[in-house]
Amino acid sequence: SAVLVCQLWREVGEAPGLWTWLLLRATRENMAFAEEVLASRRMREVRELRVEHCHMESQQIVNAINRHIKLRRVTFNNCNLTPAQPEALAVALTALNNYEIQDSVLGKNQLSILFTQMAESTTLRSICICKTDLSSKNPRLLARALKNLRDVALSDTRLTRDQVEAVF
């Protein structure tokens with residue numbers, strides 16, 4: 001409402017620096033607008049995005065994340081990420097400082113490409129993967145992907161003994 005008062009208020013109200021504190025939430029109800037909102041001038045400096053109940057729209061969200069260079073943290077909660085292109089998903093997540101994947105579905109190829117990219121990432125510092133099956137992943141690849149991270153949380157991921165030994 002404030003940005004509609006006059007031109008000066010609009011310029012001030014839409015300054016990207018005012019919106020850095022904002023946590024954007026993309027849900028089933030607003031998913032159709034999420035890509036447009038992320039691309040808006042006002043949201044250029046936003047650092048955090050939470051995506052909930054994303055299913056068929058996952059490729060559009062991944063594309064928006066790849067275009068939004070200021071994002072530092074993304075959380076996927078209860079999402080089916082299998083429609084997203086594996087390479088685009090890996091690029092999007094490894095360009096962040098931190099990501100969380102909770103109670104979400106990823107394809108085996110997506111995980112392999114993601115972990116390969118993670119092993120070479122210089123920006124990623126912290127991950128949390130919960131309630132996502134990782135048992136099929138190569139133990140050495142998993143260990144390489146996690147070795148440079150500062151914080152790793154893996155809960156209810158069905159890791160095998162060989163995977164745990166490789167990581168430690």
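Collect residues whose amide H, placed 1.01 Å from N in the peptide plane, falls under 5 Å from the amide H of residue 101; neighbours closer than 5 in sequence don't count.
76, 128, 129, 130
When the dipole is taken about the Cα centre of region 93-141, and only Lys, Arg (+1) and Asp, Glu (-1) are charged at their Cβ, what size is it in debye, to the nearest 20?
With Lys and Arg at +1 and Asp and Glu at -1, about 140 debye.
Filter the chymotrypsin sites (Phe, Trp or Tyr not before Pro) in region 13-68 to those in DSSP coil with at most 12 other Cβ atoms within 10 Å of their Cβ, and list the result.
For chymotrypsin sites (Phe, Trp or Tyr not before Pro) across region 13-68 that sit outside H, G, I, E and B with at most 12 neighbouring Cβ atoms in 10 Å, the list reads 21.
Assuming R0 = 35 Å, can you tell me the calculated FRET efficiency for the pair residue 18 and residue 63, based on Cβ-Cβ distance, to the nearest 0.05?
So the FRET efficiency works out to roughly 0.85.
Using a 1.4 Å probe and counting only protein heavy atoms, arrange 150, 41 so the residue with the most accessible area comes first.
The residues order as 150, 41, largest area first.
Can you spot the lysines whose alpha carbon is less than 29 Å from residue 70's alpha carbon? Ignore those fewer than 8 places along the same chain.
Filter leaves 108, 131, 147.
With +1 on each Lys and Arg Cβ and -1 on each Asp and Glu Cβ, how big is the dipole of region 1-115 about its Cα centre, in debye rounded to the nearest 20?
Magnitude of the dipole: close to 260 debye.
In region 45-168, if every C-alpha pair distance is counted and binned at 10 Å from zero, what percent goes to each bin?
So the P(r) values, bin by bin, are 14, 51, 31, 4, 0.
Counting pairs of alpha carbon atoms under 8 Å apart in space and at least six apart in sequence, what relative contact order in percent does region 25-168 give?
17 percent
Under unit Cβ charges (Lys, Arg +1; Asp, Glu -1), what dipole magnitude, rounded to 20 debye, does region 8-61 have relative to its Cα centre?
120 debye
Out of residues 5 or more away from residue 50 or on other chains, whose amide H comes under 5 Å of its own, with H placed 1.01 Å from N in the peptide plane?
Answer set, sorted by chain and number: 24, 25, 26, 75.
Give the distance, in whole Å, between the Cα centre of region 35-49 and the Cα centre of region 106-126.
24 Å
If packing is taken as the average number of other Cβ atoms within 10 Å across a peptide's residues, how do 138-145, 5-12 rank, most packed first?
In decreasing order of mean packing, 138-145, 5-12 become 138-145, 5-12.
The values are calculated or read from the model by the stated rules, or taken from the named source; none is laboratory data. All values derive from a computational prediction rather than experimental measurement. Note: ideal-geometry Cβ built from the backbone for every residue, glycine included; neighbour counts use all protein chains shown. Note: accessible area is taken over every heavy atom of the protein model, side chains too, but ligands, DNA and RNA are not part of it. Shrake-Rupley method; radii C 1.70, N 1.55, O 1.52, S 1.80 Å.
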